[in-house]
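Shown next, in structure tokens, is the structure this report addresses.
The values are calculated or read from the model by the stated rules, or taken from the named source; none is laboratory data. Small disclaimer: the values here were computed from a predicted structure and weren't measured. Neighbour counts are summed over all protein chains in view; Cβ atoms, including those assigned to glycine, are modelled from backbone coordinates with ideal geometry.
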Amino acid sequence: MMLLTIFSGLIVFLMAFGLYQRSRPILAIKPLTELLFSTSWHPLRGEFGFFPFIMGTLWVTGVALAIAVPLCLLTAIYLSQYAHRRVREWTNPLIDLLAGIPSVVYGMWGILIIVPLIKNHIAPFFGIFSTGYSVIAGSIVLAIMIFPIIIHVAVEVFRSVPYEVSEASLALGATKWQTVKHVVIRKAMPGVIAAIVLGLSRAFGETMAVLMVAGNVAKVPSSVFDPAYPLPALIANNYGEMLSVPLYDSALLLASLVLLLVVLFFNIISRVILIRVERSIQ
Amino acid sequence: MSRRNIEENVFKGLMVVSTLIILSTLVLILATVTVKGLPALNLAMITQTPKGGYYLGKEGGVLNAIVGSLYLAGGATLLAISISLVVVLYLNVYAKKDSHLAAFTRFSFDVLWGIPSIVYGAFGFTIMIFFGLRTSLLAGIIAVSLLILPIMSRAMDEVIRMVPEELFDASYALGATRLETAFKVIARQALPGILTAVLVAFGRGIGDAASVIFTAGFTDSIPYSLFRPAATLPLAIFFQLGTPIPEVQDRAYASALILTVIILIISVVSRILTKKFTKHIVK
């Protein structure tokens, strides 16, 4: 039993090691900086520049967070501080359900609803032509996908703020919102950051939904209506041809390794913050 | 009205609006899936495999994906149960309260939980190459079981931690060994929670596409052995949505509806389980 426990604790390292082993052939030939910062992506010529994909990921993730964070924090404050218990009993299962919907279904919904909406209404409104398959489409779908995780963690964090602290503020004549703004949010800040970082890392690695709506053009996007080609989409899209082009598989597994390390980094930070928050309450 | 009261009401309004926005996206998604999927759904859709190639053929249904998904998620769930039950019982019965190993394992599960499924797929692919496997049901099962292992383990761990200390003491006092206590007392006490964890993990496994795209592949036929490629519902949606042929796209819509209904059933059943069984266990 102990061996199995140790083994399961070591899976992370095993994954990093396995992917590293497979990406060594390309690391042996090309310097890492060139791989990460070159914009030239021509696998047939042996040029593997990840920069457009890294920028695609950053664009999509950034815009998704900009949409999701305000909505989620307002909702989390509402559910934890204002809402009646009965409202919470209704909303919790629904938000859980949102978390359970598979990402391909989100992707399909994005193609059917969001992409036409952007093509026919939003982009023309700004006087821009867009096919609809764009950074903004990917971001909207992603934002919806990370709603549940941010809300879930943020509600927990807000509720963990001791009630006496808010009571003291209310007793001094502050309104409920003033109490939330000056006392609850300040107290819960580290936990809120952790919630956002967890959402961020989810968005960073999400593959199928983004792959389906973001357009997949290997160019650094310059506006939200441009198509983007995020890193996870690149990996998923090229599994077919990667074994027939030399070094291609190695490059894609290096991309997975990069993804793994970045997400690992974000996750460890947010988990450490959450553990601290938990301890400070007890 | 004073300024601060206006501010209070403005923000309260904003909060209600954002809650409604978030809930309405759920309604919108479910409505879209139903409106598109329901007309496409018929008996042939769920009893036949696609004819003339899943990408171009207009006839047939998605039986290959339904069966493939059930095999794959079922196999992965079984594999994950056998690992996580042992690990979780070890963490709670054998390991000491302040054990470094326990803390490390829990932390690593939390971290694993956040790793994107495409990375599990890529890792599954490296395992496949290492063992000389081709895209197959087995490779898919391995990748998906790694994906759901942390979800299942953390959920089980939370439940078993709730089991009162006295129950352990009572069992030891009756002369039971730790192993007997773990499997006969604690596992039984936590059974509803364990079942819920299993269902949630199954739901996650059946809905994931990125981890199986490399490993399980896609095929028109129903897999008859672990070493054959297997079709899955999420990939049936993904691939068949990409064609210009409306009949083929219908198969994607139907798959999406079937998948969503499976997820809905899982979520309802696990809620009922939690409610029903928590009544009867020792508190």
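A compact table of results
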{"item": "Counted residues, segment B:95-126 - those being at the interface with chain A (Cβ under 7 Å from one of its Cβ atoms), more than 17 Å from A:Leu19 (Cα to Cα) and of a type in the set (Ser, Thr, Tyr)", "result": "2"}
{"item": "Options B:Gly57, B:Gly13; residue that is among the small types (Gly, Ala, Ser) and modelled with pLDDT of 90 or more", "result": "B:Gly13"}
{"item": "Hits in segment A:255-269 (condition: farther than 23 Å from B:Phe125 by Cα and facing chain B (nearest Cβ under 8 Å))", "result": "A:Phe266, A:Asn267, A:Ile268"}
{"item": "Qualifying residue in segment A:187-209 (condition: over 19 Å from the mean Cα position of the chain (by Cα), within 13 Å of chain B (Cβ to nearest Cβ) and either outside any helix (DSSP H, G or I) or farther than 24 Å from B:Gly242 by Cα (or both))", "result": "no"}
{"item": "Residue check for B:Leu195: away from chain A (no Cβ under 12 Å), surrounded by 15 or more Cβ atoms within 10 Å (Cβ to Cβ) and farther than 24 Å from A:Asn216 by Cβ", "result": "yes"}
{"item": "Test: residue in segment B:23-41 that is under 30 Å from A:Leu170 (Cβ atoms) and either within 9 Å of chain A (Cβ to nearest Cβ) or not acidic (Asp, Glu) (or both)", "result": "yes"}
{"item": "Conditions (1) within 14 Å of another protein chain (Cβ to nearest Cβ); (2) of a type in the set (Val, Ile, Thr); (3) more than 21 Å from B:Ile83 (Cα to Cα); number of the one not met by A:Thr5", "result": "(3)"}
{"item": "Neighbours by Cβ (under 8 Å, 6+ apart or cross-chain): first from segment B:265-283, at pLDDT 85 or above; second polar (S, T, N, Q)", "result": "B:Ser270/B:Thr196"}
{"item": "Extreme residue, farthest from A:Ile268 (Cα to Cα), among residues of segment B:115-129 that are aliphatic (A, V, I, L, M) and surrounded by 23 or more Cβ atoms within 10 Å (Cβ to Cβ)", "result": "B:Ala122"}
{"item": "Filter pass, B:Ala102 being assigned to a helix (DSSP H, G or I) and closer than 25 Å to A:Arg202 by Cβ", "result": "no"}
{"item": "Pair list, Cβ under 9 Å, 6 or more apart: segment B:160-177 residue within 19 Å of B:Tyr90 (Cβ to Cβ), other residue surrounded by fewer than 12 Cβ atoms within 10 Å (Cβ to Cβ) and at pLDDT below 85", "result": "B:Val163/B:Val282; B:Leu167/B:Val282"}
{"item": "Residue satisfying condition, being out of contact with any Lys or Arg (no Cβ under 9 Å at 6 or more places or on another chain) and either within 23 Å of B:Leu63 (Cα to Cα) or more than 14 Å from chain A (Cβ to nearest Cβ) (or both), within set B:Ser221, B:Ser255, B:Ser270", "result": "B:Ser255"}
{"item": "Count of residues meeting criterion [over 14 Å from B:Tyr253 (Cα atoms) and either surrounded by 14 or more Cβ atoms within 10 Å (Cβ to Cβ) or at pLDDT 90 or above (or both)] in segment B:23-43", "result": "6"}
{"item": "Enumeration of residues in segment A:81-99 that are facing chain B (nearest Cβ under 7 Å) and surrounded by fewer than 18 Cβ atoms within 10 Å (Cβ to Cβ)", "result": "A:Tyr82, A:Pro93, A:Leu94, A:Asp96"}
